[in-house]
Amino acid sequence: MLVDRREALTRRRVAVVNRLQALLAELLPGQAKKDITTGQAKQLVASVRPRDVAGRTRRRIAAEELAELVVVDAKIRKAAAELKTLVLARGSTLMGLHGVGPVVAARVLADVGDIARFASTRPSTSRDLR
């Protein structure tokens, strides 16, 4: 459940970033980079002073999207920390593998369940199926 929640938050973050980047591209034609950090986005939004109603509306919406991005990022960090705590509490050594962090380890543990339910650690062969 927690892994699914973190994945949903990540999808939500991607959607927010896409909307924010589109707004920044309209507010700052040719100036907004594609891959920007939250801090860079804050600076860009703060630097824009549109004079027309449409521009002011875009800036307000961009500021709202930026605020949502900050909230979603905090929720993602909290979810990852909670997953790490749960993986470590389970005594798993999966995070010791190169490239496996708390999210991947939690996903594996959630999908596999109790490893003791498997009869052997050796791979089965076609002879074992007879």
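The values are calculated or read from the model by the stated rules, or taken from the named source; none is laboratory data. Quantities reported herein were computed from a predicted structural model and do not represent experimental measurements. Note: ideal-geometry Cβ built from the backbone for every residue, glycine included; neighbour counts use all protein chains shown.
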Next on the checklist: I'm checking my understanding of the structure. Among residues of the stretch 51-97 that are of a type in the set (Lys, Arg) and in a helix (DSSP H, G or I), which one is farthest from Gln21 (Cα to Cα)?
Outcome noted: Lys84
Checklist outcome for this item: (1) at pLDDT below 90; (2) within 30 Å of Leu24 (Cβ to Cβ); (3) surrounded by fewer than 11 Cβ atoms within 10 Å (Cβ to Cβ) all hold for Gln40 apart from (3)
Checklist entry - Consider Ile36 against the criteria (1) more than 28 Å from Gly113 (Cβ to Cβ); (2) in a helix (DSSP H, G or I); (3) among the aliphatic types (A, V, I, L, M): it satisfies all of them except one. Which criterion is unmet? => result (2)
Item to check | Filtered residue count, the stretch 16-38, keeping only those that are free of Cβ contacts under 8 Å to residues at least 24 places away in the same chain and within 25 Å of the chain's Cα centre (by Cα) | outcome: 10
Checklist entry - How about the stretch 95-111: which of its residues are surrounded by fewer than 11 Cβ atoms within 10 Å (Cβ to Cβ) and of a type in the set (Gly, Ala, Ser)? => result Gly96, Gly99
Item to check | Among the residues listed as Ala62, Ala79, Ala54, Ala41, the single one being free of Cβ contacts under 8 Å to residues at least 24 places away in the same chain and among the hydrophobic types (A, V, I, L, M, F, W, C) | outcome: Ala54
